[in-house]
Amino acid sequence: MDVFGVDIGGSGIKGAPVDVARGELTEERFKVLTPQPATPDAVADAVAEVLANFGWSGRPVGVTFPGVVVGGTTRTAANVAKDWVGVDAAGLLGERLSCPVTVLNDADAAGLAEVRHGAARGRDGTVILLTFGTGIGSALFTDGRLVPNTELGHLELHGHDAETRASTRAKDEEGLNWTHWARRVQRYLTHVEMLFSPDLFVIGGGVSRKADKFLPLIEGVSAEIVPARLQNNAGIVGAAMAAVAAGPAPAAAA
Ligand code: BGC
């Protein structure tokens with residue numbers, strides 16, 4: 001069954017139809033730049049442009065958002081326009097796209113995809129996926145079940161919001177080399193491990209493609225640490241999975 005997945009990020013908005021059972025995109029994804037400022041209306045227009053590229057209408061769409069999302073309402077906006085706080089994002093996008101829309105946190109979506117189809121497939125116990133990018137996103141699973149909106153990227157570490165020190169944005173902005181940045185990631189993982197004692201960490205975000213450059217440098221963490229497998233498509237796949245989980249199957253709804 002194909003459902004459309006959209007991943008809203010700080011720099012790009014990308015989407016594609018997804019074969020949810022296989023966890024794969026059925027067409028090459030299409031990306032537009034995130035409008036600046038990334039206000040709700042401007043982002044809704046950009047998402048509409050992505051869907052229009054595939055002639056997608058009337059059928060379910062899952063959308064990720066880089067902040068807390070409860071019942072379709074966006075509650076925080078660390079790296080997008082603050083106007084998103086308190087917006088009924090599912091309602092706004094549903095109206096703009098004329099499709100049933102499910103909205104969820106971006107890291108939660110990536111986690112759903114990795115647990116079902118990727119690096120955490122078949123893993124019970126406590127699994128934590130962390131996405132390293134503009135911010136740090138988190139998805140916490142116990143025996144395959146998601147605890148949504150954990151926001152572990154904002155844990156306080158040595159007096160700082162952790163994502164301002166250990167995100168890849170911090171790496172880029174401060175010009176850190178892999179060794180220096182890996183040390184920060186190690187401190188962060190050690191802290192998260194102290195709080196949750198996970199069995200497995202999955203490291204996601206664009207940087208997971210370069211896992212060989214920094215994962216071997218990380219020491220002193222007891223949990224297994226593996227790179228995400230769906231990499232840049234995890235958000236799109238997870239968004240589509242959430243849309244399926246949220247509503248009647250498209251066939252039944254028709
Ligand atoms: C946000 C999270 C998001 C993460 C990755 C953080 O700043 O608070 O909700 O998952 O960035 O985009």
Could you please find all residues in the stretch 1-24 being among the charged types (D, E, K, R), surrounded by fewer than 24 Cβ atoms within 10 Å (Cβ to Cβ) and either within 16 Å of the ligand (Cβ to nearest atom) or modelled with pLDDT under 95 (or both)? Asp2, Lys14
Pick from the stretch 91-148, criterion in contact with a Ser or Thr (Cβ under 7 Å, 6 or more places away or on another chain) and away from the ligand (no atom under 16 Å from the Cβ), ranking: farthest from Met194 (Cα to Cα): Ser98
If I filter the stretch 113-144 down to residues being small (Gly, Ala, Ser) and not in a loop (DSSP other than H, G, I, E, B), which single residue comes out as surrounded by the fewest Cβ atoms within 10 Å (Cβ to Cβ)? Ser138
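Based on what the data block shows, is Ala90 of a type in the set (A, V, I, L, M, F, W, C), within 17 Å of the chain's Cα centre (by Cα) and modelled with pLDDT under 95?
On the way: of a type in the set (A, V, I, L, M, F, W, C): yes; within 17 Å of the chain's Cα centre (by Cα): yes; modelled with pLDDT under 95: no.
Judged against the criteria, Ala90 is not a match.
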Residue tally, condition near the ligand (Cβ under 8 Å from one of its atoms) and either touching a Pro at 6+ places or on another chain (Cβ under 8 Å) or on the phi < 0 side of the Ramachandran plot (or both), over the stretch 149-159: 2
Within the stretch 25-68, considering residues that are crowded, with 18+ Cβ neighbours inside 10 Å, among the hydrophobic types (A, V, I, L, M, F, W, C) and part of a loop (DSSP other than H, G, I, E, B), the one farthest from the ligand (Cβ to nearest atom): Trp56
Candidate set: the stretch 229-254, residues that are assigned to a helix (DSSP H, G or I) and modelled with pLDDT under 75; chosen: the one nearest to Ala16 (Cα to Cα): Pro250
Filter the stretch 74-87 for residues that are surrounded by 18 or more Cβ atoms within 10 Å (Cβ to Cβ), aliphatic (A, V, I, L, M) and either modelled with pLDDT of 95 or more or not assigned by TED's automatic domain parsing to the domain that holds Arg59 (or both) and give the result. Val87
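The values are calculated or read from the model by the stated rules, or taken from the named source; none is laboratory data. This one's a predicted model, so the numbers in the text were calculated from it and none came from an experiment. Here the Cβ is made from the backbone with ideal geometry for all residues, glycine too, and neighbour counts use every protein chain on show.
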